[in-house]
Amino acid sequence: MQGHRDDAEVTGSGYRRPWVLYAVAALLVVAVAVGVAVKFGHPGPAAPVAAPSPSVSSSSHPVASHRPAPPFDRLSAEPPPLVGDGWLPTDRNRSVQGQNAGASCDHEVPGLLLRDSTASETQSRTVCSPGVAPSSIVVRDVPGGFLGHRSAVLTYPVAPPLEGAGPARTHDGLRGWWFDGGVAWRVGGQDALVRGDLPQRTLARLALAFRLDSYGGLELDRVAGTAVSHQALYDGVADRTALYPAWAVGLRQRLGRATVFTRVTSGSEVEDRILRAGAQPVGTVHGHPAVVSRWSDHYVVLAWELEPGITALVGYRTPGTVTVTAPAGVLHAVAARTVVVGFDRWELGNAP
């Protein structure tokens, strides 16, 4: 008579040891728990997800991306400090009676945006001058002069360098403080400045033709071979700037983590800076003669005039470790994408 068989002792008759059954049950419990966790959002093994393909949108609004933005150093578009001869316009708030007293605060300039890109930030500035800010007369060579090329800027009043102006010298009939590309001289108890890439003799003639009217306004008698383009406050009263990460305008390989900017401004400061730093003509932008100018090793602009006294620029500012080769070609391609816009479109930050 066959005795009772304990399952624990049976190994070859179709029975399984109890620990095997317990293990199988435990695995089933774990599988169910994982399924519940996945369904209800609890942590669990992540299933592979295909990377989203790039999307193209014709919408005027930015398209949200699930990918992190490439690295971007937000760098200010403010120009670097002026260096060189040291002659600078006096404080814009200086209280001096003259024809520009009570300058309007509602002056506007258009905006400048890039097609196929959305600005990361737009900035607007309006300056109200309670008195007379330093003013300028901008002169062009005839024929062939344009913004920053074969031109000159006369500015009054200006302040001498902190280290002093040095001894005055006389050249071409004008006694003043001469430096490469310009001269400062005394007018009405203060200093005036003319800077340009015209011949020294022409600069001297312009200085000698400069005078103040009975109200302290600037006047310039005609000088052969030149023509007055416009007269304006040195710093201008309106400015619009848009900032773009370099990667957003397709220039990550050329500019790395740089900031690309567009700017429209009134006044003569931009042209004076261009003449101070030097300029290279680079053809035209939308039919206007343009120049490229390096204001520092990491700040380069391309500029043209929208109309006399209203200057448009595109430029970039790179981190201190980045130097760009052939910046003129880079910026000319950017300038070709610019669109002049009104206030409503400017607020949106993207071109039509």
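The values are calculated or read from the model by the stated rules, or taken from the named source; none is laboratory data. Keep in mind the model is a prediction, meaning the values are calculated, not measured. Virtual Cβ from ideal backbone geometry, glycine too; neighbours counted across all protein chains shown. Heavy atoms of the whole protein, side chains included, go into the accessibility calculation; ligands, DNA and RNA do not. Shrake-Rupley method; radii C 1.70, N 1.55, O 1.52, S 1.80 Å.
Yes or no, residue by residue, for (1) surrounded by fewer than 17 Cβ atoms within 10 Å (Cβ to Cβ); (2) without any contact (Cβ under 8 Å) to a residue 40 or more places away in the chain; (3) touching a helix residue (DSSP H, G or I) at 6+ places or on another chain (Cβ under 6 Å); (4) not charged (D, E, K, R):
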| residue | (1), (2), (3), (4) |
| --- | --- |
| VAL153 | no, no, yes, yes |
| GLU163 | yes, no, no, no |
| PRO167 | yes, yes, no, yes |
| PHE179 | no, no, no, yes |
| GLY189 | yes, yes, no, yes |
| ALA192 | no, yes, no, yes |
| THR202 | no, no, no, yes |
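Got a number for residues in segment 304-327 being over 15 Å from the mean Cα position of the chain (by Cα) and of a type outside the set (S, T, N, Q)?
Just the residues of segment 304-327 that are over 15 Å from the mean Cα position of the chain (by Cα), to begin with: 305-310, 320-326.
Filter again for of a type outside the set (S, T, N, Q), leaving 305-310, 320, 322, 324, 326.
The total comes to 10.
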Exercise for the section: Have a look at LEU198, LEU251, LEU233, LEU220 and point out the one that is surrounded by fewer than 19 Cβ atoms within 10 Å (Cβ to Cβ) and either closer than 23 Å to ASP180 by Cα or of a type in the set (A, V, I, L, M) (or both). Expected result: LEU220
Completion exercise
Cβ pairs under 8 Å, 6+ apart or interchain, first in segment 325-338 and within 19 Å of LEU113 (Cα to Cα), second open to solvent by 60 Å² or more (accessible area, probe 1.4 Å) and basic (Lys, Arg), ordered by first then second residue, are VAL330/ARG254; ARG337/ARG115; THR338/ARG115
Practice task
Looking at (1) touching a Lys or Arg at 6+ places or on another chain (Cβ under 9 Å); (2) at pLDDT 95 or above, find the lone condition where TYR234 falls short.
Solution key: (2)
Exercise for the section: May I ask you to list the residues in segment 155-176 that are in a loop (DSSP other than H, G, I, E, B) and farther than 15 Å from VAL223 by Cβ? Expected result: PRO160, PRO161, LEU162, GLU163, GLY164, ALA165, GLY166, PRO167, ALA168
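Going through segment 311-326 one residue at a time, which ones are surrounded by 18 or more Cβ atoms within 10 Å (Cβ to Cβ) and either part of a strand (DSSP E or B) or of a type in the set (Ser, Thr, Tyr) (or both)?
Correct list: THR311, ALA312, LEU313, VAL314, GLY315, TYR316, ARG317, THR318.
Looking only at residues that are of a type outside the set (Val, Ile, Thr) and either surrounded by 22 or more Cβ atoms within 10 Å (Cβ to Cβ) or under 16 Å from ALA232 (Cβ atoms) (or both) in segment 132-145, which one is modelled with the lowest pLDDT?
Initially, segment 132-145 is screened for residues of a type outside the set (Val, Ile, Thr), giving 133-136, 140-141, 143-145.
Retained after the next criterion (residues that are either surrounded by 22 or more Cβ atoms within 10 Å (Cβ to Cβ) or under 16 Å from ALA232 (Cβ atoms) (or both)): 133-136, 140, 145.
Numbers: ALA133: 70, PRO134: 88, SER135: 91, SER136: 95, ARG140: 97, GLY145: 97.
Looking at the filtered set, the residue picked out is ALA133.
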Completion exercise
Exactly one of VAL291, VAL330, VAL285, VAL341 is in contact with a Pro (Cβ under 6 Å, 6 or more places away or on another chain) and either open to solvent by less than 30 Å² (accessible area, probe 1.4 Å) or polar (S, T, N, Q) (or both), and that one is VAL291
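Sort through VAL300, VAL260, VAL228 and tell me the only one that's farther than 21 Å from SER136 by Cβ and either open to solvent by 10 Å² or more (accessible area, probe 1.4 Å) or without any contact (Cβ under 8 Å) to a residue 40 or more places away in the chain (or both). Break it down stepwise before answering.
Working: VAL260 fails: either open to solvent by 10 Å² or more (accessible area, probe 1.4 Å) or without any contact (Cβ under 8 Å) to a residue 40 or more places away in the chain (or both); VAL228 fails: farther than 21 Å from SER136 by Cβ.
Among VAL300, VAL260, VAL228, only VAL300 is farther than 21 Å from SER136 by Cβ and either open to solvent by 10 Å² or more (accessible area, probe 1.4 Å) or without any contact (Cβ under 8 Å) to a residue 40 or more places away in the chain (or both).
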